[in-house]
Amino acid sequence: MVYKTKGVCAQQIEFEVDDNNKVHNVKFTGGCSGNTQGISALVEGLDVEEVTHRLEGIQCGRKSTSCPDQLAKALKEVTAK
């Protein structure tokens, strides 16, 4: 899936969710390279619900969202379908 982000430096997030509801191959386009690579490595293979629980609501500075929060929103969107 490709998710177009809103309100953050990264422009989009690509990821896969397998048949067991596990997150794989998260790739951010833009954003802080080290942070987005770290997020991607940390969520690899985790359950969608665990990732959304851990990342939802994280803010970046004065922004009301962040790259981790945007990933949580993307995962919620894909699993709602």
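The values are calculated or read from the model by the stated rules, or taken from the named source; none is laboratory data. As the structure is a prediction and not an experimental result, all values here were calculated from the model. Here Cβ is always computed from backbone atoms with ideal geometry, including for glycine, and neighbour counts include all displayed protein chains. The accessibility values were calculated without ligands, DNA or RNA, using every heavy atom of the protein model including side chains. Shrake-Rupley method; radii C 1.70, N 1.55, O 1.52, S 1.80 Å.
Couple of notes before you dig in:
- Qualifying residue in the stretch 12-25 (condition: among the basic types (Lys, Arg), more than 13 Å from Leu75 (Cα to Cα) and open to solvent by 60 Å² or more (accessible area, probe 1.4 Å)): no
- Among residues of the stretch 48-81, those that are of a type in the set (Ser, Thr, Tyr), open to solvent by 90 Å² or more (accessible area, probe 1.4 Å) and part of a helix (DSSP H, G or I), counted: 0
- Evaluating Thr79 against the criteria (1) in contact with a helix residue (DSSP H, G or I) (Cβ under 6 Å, 6 or more places away or on another chain); (2) on the phi > 0 side of the Ramachandran plot leaves one unmet condition, (2).
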